[in-house]
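Have a look at the structure below before the remarks.
The values are calculated or read from the model by the stated rules, or taken from the named source; none is laboratory data. All values derive from a computational prediction rather than experimental measurement. For neighbour counting, all protein chains shown are included, and Cβ atoms are generated from backbone atoms with ideal geometry for every residue, glycine included.
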């Protein structure tokens, strides 16, 4: 195997291309944005929509395997490619993760607990579901939401739900019950073509305005909770016949019990710490998995904190450059906008 196709040209695709180059693979990016972050470091770019038939045909002809950097790749495009060459993670993982109701039903089917939920297809559905949850919950679009977008929080029964369904676009949605969690964690895990599974240590995450702010390793959890996260990730990887890296987020209750929040069939923002605190990062682990190479064991050599540089945070770059034991990774984006991830920094404990 020599050439890896990557659908999506953002920072995750960029870091995958960099990891692939270290292992002597060529990469081709399929991305409609010219000079996207990933194309700056890849061997070539096909500038076209993710579902463009001609572009998909060219990608299949020029690559040995195809992967993707985000979960909103059209499932039909992934399935079309899979008829010509391996696509990892498998299209089934996209299908499950793209719809929040389908995702929770899948997790429950794996024996993994989630928040209670109701599918919402009308204002009447929303009002009935809120009544069931005592007026509290989080309304989300079933598809395409990320970093806090496409959401509405109802804190108590006094919050007016009038017009809330239409305000979210009148699209299929989900109302999730509140979870009384003490902290949020995530785990990065990988499964190889031969079925081998390797997990990294869980990270403790803090979000601001719906966007990940920091990931800290080790997380403030006990061994039983960490093992429960590994077992849940293993169950998901096995059920999907998965190949590649996956990110899985959890709420941790006061007694250490886990409630699964979501899965991401790709390398994950909360796993960026692995490039500074592990010999093999999540990005190299993904490339190893999809190319049939041996997986690393995921062990860390240091504790650390990873912080996203969002929007104007990039102006603090001189401060980070002067900080001891800090690894800085910038994404090649020229314009800093509010809420836009410009890079990240990981400093070792």
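Among residues of the stretch 138-190 being under 24 Å from residue 310 (Cα atoms) and modelled with pLDDT of 95 or more, the one that is surrounded by the most Cβ atoms within 10 Å (Cβ to Cβ) is 188. Checking each residue in the stretch 206-225 for being surrounded by 14 or more Cβ atoms within 10 Å (Cβ to Cβ) and assigned to a helix (DSSP H, G or I) picks out only 225. The lone criterion from (1) part of a helix (DSSP H, G or I); (2) touching a helix residue (DSSP H, G or I) at 6+ places or on another chain (Cβ under 9 Å) left unmet by residue 317 is number (2). Scanning the stretch 163-210 for residues that are outside the structural domain of residue 294 (by TED's automatic domain parsing) and without any contact (Cβ under 8 Å) to a residue 24 or more places away in the chain gives 167, 170.
Of all the residues in the stretch 234-280, those that are crowded, with 24+ Cβ neighbours inside 10 Å, out of contact with any helix residue (DSSP H, G or I) (no Cβ under 7 Å at 6 or more places or on another chain) and in a strand (DSSP E or B) number 1. Select from the stretch 289-302 the residues that are under 13 Å from residue 279 (Cα atoms) and in contact (Cβ under 8 Å) with a residue 24 or more places away in the chain and list them in ascending order. 295, 296, 297, 298, 300, 301, 302 - these are the residues of the stretch 289-302 that are under 13 Å from residue 279 (Cα atoms) and in contact (Cβ under 8 Å) with a residue 24 or more places away in the chain.
Annotation: residue 72 fulfils all but one of (1) at pLDDT below 95; (2) part of a helix (DSSP H, G or I); the unmet one is (2). Scanning the stretch 287-342 for residues that are exposed (fewer than 13 other Cβ atoms within 10 Å of the Cβ) and within 23 Å of residue 17 (Cα to Cα) yields 294, 297, 299, 334, 335.
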